[in-house]
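Read through the structure below, which is laid out as structure tokens, and then see the notes.
The values are calculated or read from the model by the stated rules, or taken from the named source; none is laboratory data. All of these numbers come straight from a predicted model, not from anything done at the bench. Cβ sites come from the backbone with ideal geometry, for glycine too, and all protein chains shown count toward neighbours. Ligands, DNA and RNA are stripped out before the accessible areas are found, and what is left, the full protein with its side chains, is counted by its heavy atoms. Shrake-Rupley method; radii C 1.70, N 1.55, O 1.52, S 1.80 Å.
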Amino acid sequence: TFEDLAIPYLIGGSWALTVWAGPRFTHDIDIVVDLPLERIPAFCARFPADEFLIDAQAMRAQFRVPDSPSGGMYSFLHIPTGLKIDLFPLRPNDPVQRAAFARRVAMPLLGDQAGMVATAQDLLIQKVRWWQAGGRASERQFRDCVNLLLTDRSRPTPQIHPDAVEQIMRTLPRTTHEAWRILWEAADQAWQQSQVPPPDAAPPGLPPPTR
């Protein structure tokens, strides 16, 4: 629908995580959209009322406040499956989000069906921000960030560059930068532990490796 209507979009969250770090069970899809308010009725009209719970007026009300704590998110539901689609308006006052939107890439999602997703590095930054915004209470977001970092270290060509992430994090609130450092250290510790062979794998005559 986005492509039919020429509406720029960016898939993030768990669906983008599936592209970069493997599948994770989810009941929702997170999508950032560059959708003008006046085009919302045409967008909503594409989703039949007997299959989707969607309301153009409610969506416009949410999109009018993109800088609210919810990020202007509007959710609608696919009734037969219970799948929830969370739409976030592209925020004019969020340079980090806008830069990620500009860097989005086309990747296969369902068979040969491709979609525009966040890069691995931008997805990591997004999830660090979400983890901090939730008071660092979400174990799921914590695991996702660590998983992204560990998976990327195993790639022949890394997609995540810690120095670049560090530079971006320094432009964000101090607490978000601190959250990034905590996640980086957790991932680094997990990586170091994964590289230590078990004691019985040590060559004869050598002491077992220490952790």
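So here's what we get for this one:
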| quantity | calculated |
| --- | --- |
| At q = 0.11 Å⁻¹, base-10 log of I(q)/I(0) for the chain (Debye sum, equal scatterers on each alpha carbon) | -0.59 |
| Among Gly111, Gly12, Gly71: highest mean-square fluctuation, GNM of the chain, C-alpha pairs under 10 Å | Gly111 |
| Per-residue SASA entry for Asp4, accessible area with 1.4 Å probe, Å² rounded to 10 | 120 Å² |
| Ranked order, Lys84, Lys127 - accessible area, probe 1.4 Å, largest first | Lys84, Lys127 |
| Note, ³J(HN,Hα) from phi for segment 152-162, Karplus 6.51, -1.76, 1.60, rounded to Hz, x at Gly and Pro | 5, 5, 8, 6, x, 10, x, 9, 10, 10, x |
| Cleavage-rule hits (chymotrypsin sites (Phe, Trp or Tyr not before Pro)) in segment 19-77: DSSP loop, at most 13 neighbouring Cβ within 10 angstrom | Phe25 |
| Selection of GluC sites (Glu not before Pro), segment 1-56, meeting DSSP coil and at most 14 other Cβ within 10 Å | Glu3, Glu51 |
| Where Val65, Val19 fall by accessible area, highest first, once all protein chains stay in place (1.4 Å) | Val65, Val19 |
